[in-house]
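Worksheet: one structure, shown below.
The values are calculated or read from the model by the stated rules, or taken from the named source; none is laboratory data. The model shown is predicted, which means the values in this text are computed figures rather than measured ones. Cβ: placed from backbone, ideal geometry, glycine included. Neighbour counts: every protein chain shown. The area values use the complete protein model at the heavy-atom level, side chains included, leaving out ligands, DNA and RNA. Shrake-Rupley method; radii C 1.70, N 1.55, O 1.52, S 1.80 Å.
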Protein chains: 2
Amino acid sequence: MSRDNTNKRNYLTSQRQAVLDVIREAGEHLTAQEIFDRVRAKMPRLAYGTVYNALRHLKESGLVRELKFGDAASRYDAKVERHDHVVCVRCGAMMDYEVSGIESLVKEAARRTKFTILDAHVEFKGVCPRCR
Amino acid sequence: MSRDNTNKRNYLTSQRQAVLDVIREAGEHLTAQEIFDRVRAKMPRLAYGTVYNALRHLKESGLVRELKFGDAASRYDAKVERHDHVVCVRCGAMMDYEVSGIESLVKEAARRTKFTILDAHVEFKGVCPRCR
DNA sequence: AGTGAATTTAGACTTAGTATAAATTTCATC
DNA sequence: GATGAAATTTATACTAAGTCTAAATTCACT
């Protein structure tokens, strides 16, 4: 019996597809370790490095977005449109959020700093209703 | 000859003071490693862990602020008031910045998410004038 | 079937940061 | 001044996230 002969060379290998599926199916933002564990449940030979390879590829293809927060490992998100986050400092819960009027903030920052602004991210820290 | 007998127990030991001095004198946001190197130049027996201990203490005392950015190690800032940052994706240069009207963004986030918002940080990514 | 390019695998390695036990320092009291 | 408790520093071992590399595998194409 030959190995699952899904496509290579088209750059969306079975491993990368599996990583993408896991991220899309997750209701939360997973870490690389969590992704590794879940994909590995279906592909026991999966190497740890392959997950990072897949994540880099998927990021470059614009299929996932990497979220970097305070203390912990990067998390990965299938929602690729620009958006912001609210994080609970007690329990760590994280909520997607979108500030209104980001465009004017970006324009003002560009004008005042002379940078070409490519992206903006707002992170609110606070206490969620359940922890309060 | 006894060792430099600066104060302990008042919680601002000579090591912590040295760490704070280095952060205040730096024109940039230093990593723990950079702080360690600079303080160690004056205190050769300084232990790596002591820098982290000092940084934690100084954070808790509100004397320094920890900045966590994308890829790299935490950086430490003697400017403790809330402020934002603009980062160059090419050379890594980082500029302090302050968005206008953060208060209304915070209020809106509190209203819409039901979180008690304690802090907000805006990070712009872009290309600095020199890299462009 | 054979070749070349990209990918996966397995595992070593790097870096940032934490944990711990022993030694040191200080404060407070005698 | 000597003593003892509490906190800190030192030195070092350890953990966790992520990168690197060499060999094996897979695939596209002839």
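Couple of notes before you dig in:
- Relative to the other identical copies, A:Lys79 shows label-point distances of 3.1 nm, where the label point lies 7 Å from Cα along the Cβ direction and values run shortest first.
- Estimated FRET transfer efficiency (A:Ala93, B:Arg90; beta-carbon r; R0 30 Å; 0.05): 0.30
- Of A:Asp119, A:Asp37, A:Asp84, the one that fluctuates the most in a GNM where chain A has Cα springs shorter than 10 Å: A:Asp119
- Mean Cβ count within 10 Å, highest first, over the residues of peptides B:121-128, A:39-46: B:121-128, A:39-46
- Shown is the FRET efficiency for A:Ser61 and B:Tyr11, computed with R0 = 45 Å from the Cβ-Cβ distance and rounded to the nearest 0.05: 0.30.
- Size descriptors for segment A:14-77 (Cα atoms only): Rg and Dmax, in that order, 10.7, 32 Å.
- Between A:Thr113, A:Thr50, A:Thr13, the Gaussian network model of chain A with springs among Cα atoms under 10 angstrom shows the greatest mean-square fluctuation at A:Thr113.
- Accessible area per residue in Å² at 1.4 Å probe, computed on the protein assembly as shown: 59
- Of the beta bridges in segment A:84-126, as assigned by DSSP with both residues counted there, near 50 percent are antiparallel.
- For the residue pairs A:Lys42/B:Lys114; B:Lys59/B:Lys114; A:Lys125/B:Lys125; A:Lys114/B:Lys59; A:Lys59/B:Lys59, alpha carbon separations beyond 30 Å are given by A:Lys42/B:Lys114; A:Lys114/B:Lys59; A:Lys59/B:Lys59.
- Comparing mean-square fluctuations of A:Ala47, A:Ala109, A:Ala18 from a GNM of chain A with C-alpha springs under 10 Å, the top value falls on A:Ala109.
- Accessible area buried, both sides summed, chains B and A with 1.4 Å probe, Å²: 3000
- Counting only protein heavy atoms and a probe of 1.4 Å, the accessible surface of chain B is 49% carbon and sulfur.
- In segment B:74-121 the Cα-Cα distances spread across 10 Å bins starting at 0 as 21, 42, 30, 8 percent of all pairs.
- Spin-label pair A:Ala41/A:Arg24, simplified geometry with 7 Å Cα→Cβ offset, distance in nm: 1.8
- Per-residue ellipticity at 222 nm computed for chain B from its helices equals -11500 deg cm²/dmol, with DSSP H segments shorter than 4 residues left out and the rest contributing -39,500 (n - 2.57).
- DSSP finds beta bridges in segment A:4-132, and of those with both partners inside it, around 70 percent are antiparallel.
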